[in-house]
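Engineer: Here it is, the structure in full.
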Amino acid sequence: MSENPIKSSFQIQYEMLLNAIPSSVLMVDRKLQILSVNENFLIKSQRSKDTTVGRHLADVFPLVILQSTCIEESIRNVFNSSIAVKGQKMTYRAPGVPLRIYYYSILPIQSDQIILIMEDVTEQFRLSEEVRRVERHLASIVESASDIVLSTDIDGRVLTWNSAAEKLSGLKTQDVYGRYFFDFCDANQKQMVEQIFQRMKTSNAAHTTEFNLLTPSNSGTILISWVFSPMKDDYSKTVGTVVVGRDLAERLKLELQLRQSQKLTALGVMAGGIAHEIRNPLAICSSAAQFLQEDRIPDEFQKECAKKIQTNIQKASAIIENLLRFARSSLDTEMIEVDLISVLKETIDLVTNQAKVQKIKIHLSLQKSSVVVSGVPGLLQQVFMNIFLNAINAMPTGGVLSITVNSVEDRVIVRIIDTGVGIPAGELDKIFDPFHTSSPVGQGTGLGLSICYSIIRQHLGSIQAESRLGQGAAIIVTLPLL
Amino acid sequence: MGKNILIVDDEPDMCWVVSQIIQSQGLNVVTAYTGEDACFKLSKGDFSVVFLDAKLPDMDGLDVARRIHAIVKERPLVVLVSGYHYRDDPIVRNAQEEGLICCFLAKPFSNEELIGILISLSC
Ligand SMILES: Nc1ncnc2c1ncn2[C@@H]1O[C@H](COP(=O)(O)OP(=O)(O)OP(=O)(O)O)[C@@H](O)[C@H]1O
Ligand SMILES: [Mg+2]
């Protein structure tokens, strides 16, 4: 008698526990009759206790489950061997019924009873399958991208490195894993890249830049355009950086070709002025040489002729020299120390002929005799050549082209001012667009200023235009001083 | 004809060679370095022939020709001397048809070519 209340309170707790767990629990005897079930089973199988307890397993479980899982067989084995079956997977497929997946265990508890525990994991299974599929999909996007995609920890140590990164750099993932990304950048850009990673720690915004990536296999570098983005966890805490890079070689090659072809157009524009300026010295040499062929010419006259021939050959040659330098200069792309004043003077020399032909006076006003910037002389010359030619085109009936150079703090400002037709207000912001031109078809390509823009940007400077229709225009080029 | 010959070119060496050739024929030479100066000198009307450079710092040779065509009564014969035009250049042909110029001398030229022109103009 005294045992009874304890037993029943144990029973109550036991049942509470059974009903609380999200798995189905059935107690079954040797004859495969169900002795008890918990609530979860009744809910899942949509049965009542009365129609379940005391019945045979075969009356309660659908035939398909029994057949496809051999569960009766398993239970008999457990009775015979007294060895528990744990964590078996059971997939329940039936026509017209969605696939269900269970985990089940069969535990022998007394010599004539077992507990069957079944857990429906269909949902978890489906989710993890989905996650895996998405993961595989994302991984294959990253792997098949032609852009470099890499991720780093918060300090910039490489964690992942896609196949485009391997291909472009020649470095395998195992070569870079765990190493600082900036160790694979050009030595003099390393510090700059290190600072970007510093900035990523606190920044929410992406950072776009261009720098060279080392390609140790051929001990060279390639220029890449990069986007750095901070990688955040669920709590918006920065946990690393994602870096995407695009090879600029192809774009650069096209840009070089474009620049070169535009330059040849500019040469075409100057052809008239150049012809005049070269044929003058040629004509002088030719006539002087003919004087020398005459008999009995005075010594004095002979000397004078020879001198004129020599100076005029030098004149013609200097024009050709300038032209060649201009035509070929796009082949060198190395940034060096450049005296901007000599670039300006050389370019002015080149357009002087054209200006003269159009009755344009050129004034160059300087603060200093030399202004040193870092740049590619040939490209800078192309910039000023384009701007000068535009100004000359804007003054078909003559005028004045003034060029002023001023150094302000760490920058040099070159203003190119003309007295030409000017630019209508609505077009000011369009003149740097490619193919924007007011020239008749076949005369201007509209590429001049867009090329100036890209070259000046490459030199970390800026270019702007100011003008009022009918009152001339000013193009202002700003470059960082060295 | 006995009158003077005017040479117009902004390049002094160019003026020098042309004067040498013309003077070798016993003719008198005056030079002008700008279009303005040329128009001024021509307006006096005492030149029989002008050797006119096609491109001058202040105006085109053909503009000078046009100006004198309009203002000078006793018009000189105009020889356009140019390194700017090509042979058979339509601009030159038109100027000739308009009567603005009578001859075209392309730079560089042979001294005989220039002398030939002087003879043909019966200087
Ligand atoms: N100094 C200026 N005065 C007036 N208009 C200008 C001046 N500079 C540029 N422009 C205007 O900007 C346009 C674009 O200039 P851009 O140099 O890009 O092309 P473009 O000169 O027409 O052709 P090209 O490719 O041969 O240089 C010109 O067509 C002209 O309308
Ligand atoms: Mg242009």
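The values are calculated or read from the model by the stated rules, or taken from the named source; none is laboratory data. Here the structure is a predicted model, which means the values were calculated and not measured. Reconstructed Cβ throughout: ideal geometry from the backbone, glycine too, with neighbour counts over all protein chains shown. Calculation scope for accessible area: heavy atoms of the full protein, side chains included, ligands and nucleic acids excluded. Shrake-Rupley method; radii C 1.70, N 1.55, O 1.52, S 1.80 Å.
Engineer: If you average the alpha carbon positions of the range B:25-61 and of the range A:112-190, how far apart do those two centres end up, in angstrom?
Structural biologist: So the two Cα centres are separated by 84 Å.
Engineer: For the range A:357-463, what's the relative contact order in percent, using C-alpha pairs closer than 8 Å and at least 6 residues apart? Intermediate values should be presented prior to the final figure.
Structural biologist: Values: 136 pairs, mean separation 28.5, N = 107.
Computed value for the range A:357-463: 27 percent relative contact order.
Engineer: Please tell me the relative contact order of chain B in percent, rounded to the nearest whole number, where contacts are Cα pairs under 8 Å and at least six residues apart. Walk me through the numbers on the way to the answer.
Structural biologist: On the way: 196 pairs, mean separation 29.1, N = 123.
Averaging sequence separation for qualifying contacts and normalising by length gives 24 percent for chain B.
Engineer: A further question follows. Report the per residue volume, in Å³, of the convex hull enclosing the C-alpha atoms of the range A:145-247. Could the numbers behind the result be given before it?
Structural biologist: Numbers: hull volume 9.0 nm³, N = 103.
It is 87 Å³ per residue.
Engineer: Would you grab the residues whose amide H sits under 5 Å from the one on B:G45? Only those 5+ places off in sequence or on another chain, please, with H modelled 1.01 Å from N.
Structural biologist: Excluding prolines and chain starts, which carry no amide H, there are no hits.
Engineer: Out of the total accessible area of chain A (probe 1.4 Å, heavy atoms of protein only), what percent is carbon and sulfur? Provide the component values of the computation, followed by the final result.
Structural biologist: Values: 14500 of 26730 Å².
That share works out to 54 percent.
Engineer: Just to be sure I understand the model, the point goes 7 Å from the Cα along the line to the Cβ. What's the resulting A:L107 to A:D339 distance in nm?
Structural biologist: About 9.4 nm, to one decimal.
Engineer: Here's another thing I want to ask about it. Quick one: if the Förster radius is 56 Å, what FRET efficiency do A:D183 and A:A271 give, using the C-beta to C-beta distance and rounding to 0.05?
Structural biologist: Numbers: r = 52 Å, r/R0 = 0.93.
According to the calculation, E is roughly 0.60.
Engineer: Using the Kirkwood radius over C-alpha pairs as Rh, can you work out the diffusion coefficient of the range A:252-480 via Stokes-Einstein at 37 °C, viscosity 0.692 mPa s, in µm² per second? Before the final figure, lay out the partial values.
Structural biologist: Details: Rh = 19.0 Å.
So the translational diffusion coefficient is about 173 µm²/s.
Engineer: Could you pull the Rg and Dmax for the range B:20-94, using just the Cα atoms, both in Å?
Structural biologist: 12.6, 34
Engineer: What lysines sit close enough to A:K356 to cross-link, taking a C-alpha to C-alpha distance under 20 Å and skipping anything fewer than 8 places away on the same chain?
Structural biologist: Hits, sequence-local ones excluded: A:K315, A:K345, B:K55, B:K107.
Engineer: What distance in nm lies between label points placed 7 Å from Cα along the C-beta direction at A:R457 and A:V131?
Structural biologist: Placing both labels 7 Å along Cα→Cβ, they lie 4.3 nm apart.
Engineer: Another question, then. Please report the antiparallel percentage of the DSSP beta bridges confined to the range A:355-482, to the nearest 5.
Structural biologist: Working: 22 of 29 bridges.
Of all bridge pairs located within the range A:355-482, approximately 75 percent are antiparallel.
Engineer: Please compute the Kirkwood hydrodynamic radius of chain A from all pairs of different C-alpha atoms, in Å with one decimal.
Structural biologist: Working: mean 1/r = 0.0323 Å⁻¹.
Computed over Cα pairs of chain A, the Kirkwood hydrodynamic radius comes out at 31.0 Å.
Engineer: Then there is this: Any idea of the accessible area per residue across the range A:361-469, 1.4 Å probe, to the nearest Å²?
Structural biologist: Values: 5300 Å² over 109 residues.
Spelled out: the 1.4 Å probe surface of the range A:361-469, per residue, equals 49 Å².
Engineer: Related question: Counting only other chains, and only Cβ atoms inside 10 Å, what mean value do you get across the residues of A:283-296? Don't skip to the answer; put the middle values down first.
Structural biologist: Numbers: counts 14, 10, 3, 6, 13, 5, 2, 8, 5, 0, 1, 2, 0, 0.
Mean shielding by partner chains, rounded to a whole number: 5.
Engineer: Got a sec to turn the phi values of the range A:24-36 into Karplus ³J(HN,Hα) couplings, 6.51 cos²θ - 1.76 cosθ + 1.60 with θ = phi - 60°, whole Hz, x for Gly and Pro?
Structural biologist: 8, 10, 10, 9, 10, 9, 4, 7, 6, 9, 7, 8, 7
Engineer: Summarise the partner chain shielding of A:352-362 as one whole number: the mean count of Cβ atoms from other chains within 10 Å of each residue's Cβ.
Structural biologist: Numbers: counts 0, 2, 0, 1, 5, 6, 2, 8, 1, 1, 0.
Partner-chain Cβ atoms within 10 Å, mean over residues of A:352-362: 2.
Engineer: List the residues, sorted by chain then number, that are 5 or more residues from B:V29 or on another chain and whose placed amide H is less than 5 Å from its amide H.
Structural biologist: B:I5
Engineer: How about the range B:84-118: which of its residues lose at least 50 Å² of accessible area in the presence of all protein chains relative to their chain isolated, using a 1.4 Å probe?
Structural biologist: For the range B:84-118, once contacts with the other chains are taken into account, B:Y84, B:K107, B:P108, B:N111 lose 50 Å² or more.
Engineer: Now a separate question. Which residues does a label at A:R199 reach in the range A:216-251, if reach means a backbone N under 19 Å from a point 7 Å past the Cα toward the Cβ?
Structural biologist: A:224-232, A:238-246
Engineer: Considering every Cα-Cα pair within the range B:1-55, what fraction, in whole percent, is farther apart than 17 Å? Write out the running numbers ahead of the final one.
Structural biologist: Values: 431 of 1485 pairs.
Summing the P(r) of the range B:1-55 above 17 Å gives 29 percent of all pairs.
Engineer: Using the Karplus curve 6.51 cos²θ - 1.76 cosθ + 1.60 with θ = phi - 60°, work out ³J(HN,Hα) for each residue of the range B:96-102 in order, rounded to whole Hz, and write x for Gly and Pro.
Structural biologist: Computed from phi, the couplings for the range B:96-102 are 5, 5, 6, x, 6, 10, 10 Hz.
Engineer: Can you tell me the FRET efficiency between A:Q302 and A:L256 if r is taken as the Cβ-Cβ distance and R0 is 35 Å, rounded to the nearest 0.05? Working shown, then result.
Structural biologist: Working: r = 51 Å, r/R0 = 1.46.
Here the calculated transfer efficiency is 0.10.
Engineer: Computed on protein heavy atoms with a 1.4 Å probe, what is the summed buried accessible area for the chain pair A and B, in Å² to the nearest 100? If you can, show how the numbers build up before the last one.
Structural biologist: Details: alone 27780 and 6480 Å², together 32230 Å².
So the buried area, both faces added, is about 2000 Å².
Engineer: Let me ask you something else. Strictly greater than 18 Å: what percent of every Cα pair in the range A:247-360 meets that?
Structural biologist: Values: 4126 of 6441 pairs.
In whole percent, the long-distance tail amounts to 64.
Engineer: Could you tell me how far the Cα centroid of the range A:227-300 sits from the Cα centroid of the range A:1-79, in Å?
Structural biologist: A separation of 89 Å, based on Cα centres.
Engineer: Further, regarding this structure: What translational D, rounded to a whole number of µm²/s, comes out for the range A:13-121 from Stokes-Einstein when the hydrodynamic radius is the Kirkwood one over Cα pairs, at 4 °C and 1.567 mPa s? Write down the numbers at each step before the final one.
Structural biologist: Values: Rh = 14.1 Å.
The estimated diffusion coefficient comes to 92 µm²/s.
Engineer: I'd like the orientation of helix A:340-357 relative to chain A: the angle between its Cα long axis and the longest Cα principal axis, in ° from 0 to 90, rounded to 10.
Structural biologist: That helix lies at roughly 60 degrees to the long axis.
Engineer: Here's something else I'd like to know. With axes computed from alpha carbons, what is the tilt in degrees of helix A:71-81 against the longest principal axis of chain A, rounded to the nearest 10 within 0 to 90?
Structural biologist: It is inclined by approximately 60 degrees.
Engineer: What is the percent carbon and sulfur in the accessible area of the range B:65-112, measuring with a 1.4 Å probe over the protein chains and ignoring ligands?
Structural biologist: On the way: 1290 of 2630 Å².
The computed percentage sits at 49.
Engineer: Enter the mean number of other protein chain beta carbons within 10 Å of the beta carbon of each residue in A:273-281, as an integer.
Structural biologist: Numbers: counts 2, 1, 7, 8, 4, 3, 8, 13, 6.
Shielding by partners across A:273-281 averages 6.
Engineer: Between the helical axis of A:299-328 and the dominant principal axis of chain A, each derived from Cα atoms, what acute angle in degrees is found, rounded to the nearest 10?
Structural biologist: 10 degrees
Engineer: A further question follows. Using θ = phi - 60° and the Karplus curve 6.51 cos²θ - 1.76 cosθ + 1.60, what whole-Hz ³J(HN,Hα) does each residue of the range A:177-192 get, with Gly and Pro shown as x?
Structural biologist: 4, x, 9, 5, 4, 5, 5, 9, 10, 3, 3, 7, 10, 3, 4, 4
Engineer: Express the relative contact order of chain A as a whole percentage, based on alpha carbon pairs under 8 Å and six or more residues apart in sequence.
Structural biologist: Working: 779 pairs, mean separation 35.3, N = 482.
Computed over chain A, the figure is 7 percent.
Engineer: Calculate the FRET efficiency for A:T404 and B:E36 from the Cβ-Cβ distance with a Förster distance of 30 Å, rounded to the nearest 0.05. Before the final figure, lay out each step's value.
Structural biologist: Numbers: r = 29 Å, r/R0 = 0.96.
The calculated FRET efficiency here is 0.55.
Engineer: Which pairs in the list A:K307/B:K3; A:K359/B:K41; A:K308/A:K361; A:K190/A:K237; A:K263/A:K307 are over 30 Å apart, alpha-carbon to alpha-carbon?
Structural biologist: Values: A:K307/B:K3 32 Å; A:K359/B:K41 21 Å; A:K308/A:K361 27 Å; A:K190/A:K237 26 Å; A:K263/A:K307 35 Å.
Long pairs (Cα-Cα over 30 Å): A:K307/B:K3; A:K263/A:K307.
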